[in-house]
Amino acid sequence: MAAARPIPMPISPVEPDIAATPVAVRIDPTTVLSPHIIADRDIYYAVPPNMLVFRKSSDKSTPSTGAAFKRRLTVPDPVSVCAFYTTSLIPFGVSIDGNASAEETRRWPNERGQITVSVSGTVTLVAHMDDIAAIEVGDRLCVGNSPHMEGLVGYPGLVVPQIVPFAAREAELRKIEEDMASATTSADEIQSLAQKHKAANYFGVALELGYAEMRVLLTP
């Protein structure tokens, strides 16, 4: 059996176009991956350029009244994201420059953990070669159920999401919608299903395909 191949980085990725919407975010795997994060490993904090980044659903602990709530109305906290993938995370956008050092981000999250991602417009997205081989131009894209464990060149240990055509998960999405509409579904079950629905839904459309990267129109 051939050894698993890490994904190469793009040699000259195209910059996000003028219609892309940049958003400042915070690299915070402790929040996004909990309870799956089990150690303070640097790789959890790595966000290479041109990578899909993920968030969890809204934080239920956010106060709805008081000084903290009023402050958040005027100065909203950055969304917590990471590039290290585990199941049922929601795609948020694509990193533009990423972070220079995962170790520094882990040690100094406030000073080294702020990056910018594109959440709309056309971007270059790094993806596994086998994923791209199964995608056609014009396909709607979503995250699949078989993440790539072999990492990225220069980022050993980084778990990279599988990218698949939306048609591969559309039936699963419809089943989740039926379960959410069920009269016997509890509030907690609805919240869990809503998270899975957002995670399985499509996040963009393939415009151009390369060897290990593609041009994608993000659809917020």
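Nothing in this text is a laboratory measurement; each read-out follows from the coordinates by a stated rule. Values in this document were obtained by computation on a predicted structure and should not be read as measured data. Using ideal geometry, Cβ is built from the backbone for each residue, glycine included, and neighbour counts are taken over all protein chains shown.
Note on region 94-137: residues that are at positive phi and under 15 Å from the mean Cα position of the chain (by Cα) total 1.
Applying the condition of being of a type in the set (S, T, N, Q) and in a strand (DSSP E or B) to region 103-145 and asking which residue is farthest from residue 21 (Cα to Cα) yields 114. What are the residues in region 87-104 that are out of contact with any helix residue (DSSP H, G or I) (no Cβ under 6 Å at 6 or more places or on another chain) and farther than 18 Å from residue 173 by Cβ, if any? Hits for region 87-104 are 92, 93, 94, 95, 96, 97, 98, 100, 101.
What's the total number of residues in region 168-208 that are farther than 18 Å from residue 54 by Cβ and not in a helix (DSSP H, G or I)? Selection size over region 168-208: 10.
Restricted to region 97-119, and to residues that are surrounded by fewer than 19 Cβ atoms within 10 Å (Cβ to Cβ) and touching a residue at least 60 places away in the same chain (Cβ under 8 Å), which residue is farthest from residue 42 (Cα to Cα)? Among them, the one singled out is 116. The set of residues in region 209-220 that are out of contact with any strand residue (DSSP E or B) (no Cβ under 7 Å at 6 or more places or on another chain) and either closer than 22 Å to residue 55 by Cα or buried (at least 18 other Cβ atoms within 10 Å of the Cβ) (or both) contains only 220.
Is it fair to say residue 196 is out of contact with any strand residue (DSSP E or B) (no Cβ under 9 Å at 6 or more places or on another chain) and closer than 16 Å to residue 91 by Cα? Considered against the rule, which asks whether it is out of contact with any strand residue (DSSP E or B) (no Cβ under 9 Å at 6 or more places or on another chain) and closer than 16 Å to residue 91 by Cα, residue 196 comes out as yes.
Taking region 19-34, which residues are part of a helix (DSSP H, G or I) and out of contact with any helix residue (DSSP H, G or I) (no Cβ under 7 Å at 6 or more places or on another chain)?
30, 31, 32
Scanning region 174-189 for residues that are surrounded by fewer than 14 Cβ atoms within 10 Å (Cβ to Cβ) and among the aliphatic types (A, V, I, L, M) yields 181, 183, 187.
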